[in-house]
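None of the figures in this text is laboratory data; all of them are computed from the coordinates on show. Everything numeric in this text was worked out from a predicted model, so none of it was measured. With ideal geometry, Cβ positions are generated from the backbone for all residues, glycine too; neighbour counts draw on all protein chains shown.
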Amino acid sequence: MDDSGITLKSSRMRGRNLLILPDQGRAQRISPEFFGIRARDRSWNAYLDSFIKANKTFFDALEIDLSFSTSPGEIDISLRANGVIGAVPLLAPDTHKVVGGIIVQPRYGWNSIGSMFSAIGWSALPDILKCPMVPGSAREIPPWVIAGPAVTRLEQLMRSSGPRFRPKTDIRTMPRGQIIWNRYCSEQLPRGDFHKLPCSFSDLDIDENLFRYIRWALERVEYELSPHCMTDLFARRLQDRVVSLISSLGTLRALFPDHRTLDALERDLGRRNKLAHSGIESIRWILDERGLAGKMNTDGLSWRLRMHELFEQWVVTIVTQWSRQIGGRVLTGRSYDSVAPIQWDRSWVSSLTSLVPDVVTQTESDTFIFDAKYKGFLDDIDERRWRDYSVTLRNVNGALKARKYGEVCWLEACAFAERKEGAALAAASSSLFVSAVQPVKS
């Protein structure tokens, strides 16, 4: 960590460094020396414009804000992350070559992110960016961050590629489907095999090569995760899940794929099939060995994950589990089930027509409206001992009760999340608010 508070780490390759930023933390100043500039003028005076042009795409991908400050004879640059974690490369302002990378770490730590991934079933997928590899990032990012969603994609591909009618060609003694007469005349008759009929027909079967490719990919992920299972709880959980999927494939042997066969397979399955496309894309990631699982390679993929989306999915999962205990019905904003139209006495063209809460739980007597907020300033609430509020609410008649209309209060879902996921997510739970609104009696 340098005098500006920014974390710098050097990779094995000379001149390639990593800049590690905390998500929604304070703005961090970056020095031109990070890029190996050794000119007489080591300030940003001569390289500011070139630096911005070279790296603007990467900053925009992670929604990193650049701020400038001036001092006598010098310009300073500061970077601040804004709710998107991930990794992107950094280009030198003079040569425009990759000299390092930026990693934005979650403010609650990687273990809390692992708890969220586990809770939602690894359904949140990072966006893989079409950017150069990030040198040294595979050593700083847990292997399950991308491997977990990749395994989920492979599992979905397995489920969506079950037995179906596929065209087959076979030589039979009894005719089936359509007899291929030209082949019969050119191959069977000259040999005297009058009883052997080449037939073309449809039969219910699986795509064996596809499942052999999937088995190879799963075995590769299991192999890469093995060194980390003794020290990383989430790597061990993911490996157990991978072993279960491999067992479900039975005695089918693995087959090493190549890009040409994967392209042909994707065309056969149809490019409009999103599950097939994402599953085969995951096989490509593993095939390219781009820091997907394990740390055999120091370079990793360029990727990003919007934390507010992950946090919202986690809140939906926690609220759904809590709602089952009270017999509530859950409506979510993602599926547009929670849309509430607004009727104005006087409306204008630009008037708001509806509200879409993140999660709504309906019971016979109450309606609970949840709004997940992944905001950095909510960490201040932790200093006000939010757990005391949770304990107080927990002791009110042993249940959750709606307050008067519009009242904003802490909900026992925070305490439920802590009991369910452990203390690692205690701080994250403090960002969970609810507006408890009494329902309109019909």
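A few notes on this one:
- Net lengthening on full extension, residue 364/residue 172 (0.36 nm per residue, minus Cα-Cα): 62.6 nm
- Out-of-range pairs (alpha-carbon distance over 19 Å; input 56/97; 130/375; 168/274; 130/373; 56/274; 53/375): 130/375; 168/274; 130/373; 56/274; 53/375
- Residue separation of residue 130 and residue 233 scaled by 0.36 nm, minus their Cα-Cα distance, works out to 34.0 nm of gained length.
- Modelled this way, with points 7 Å down the Cα-to-C-beta line, the labels at residue 288 and residue 181 are 5.1 nm from one another.
- Sparse-neighbourhood loop sites, chymotrypsin sites (Phe, Trp or Tyr not before Pro) in the stretch 333-379 - DSSP loop, at most 10 other Cβ within 10 angstrom: 336, 344, 348
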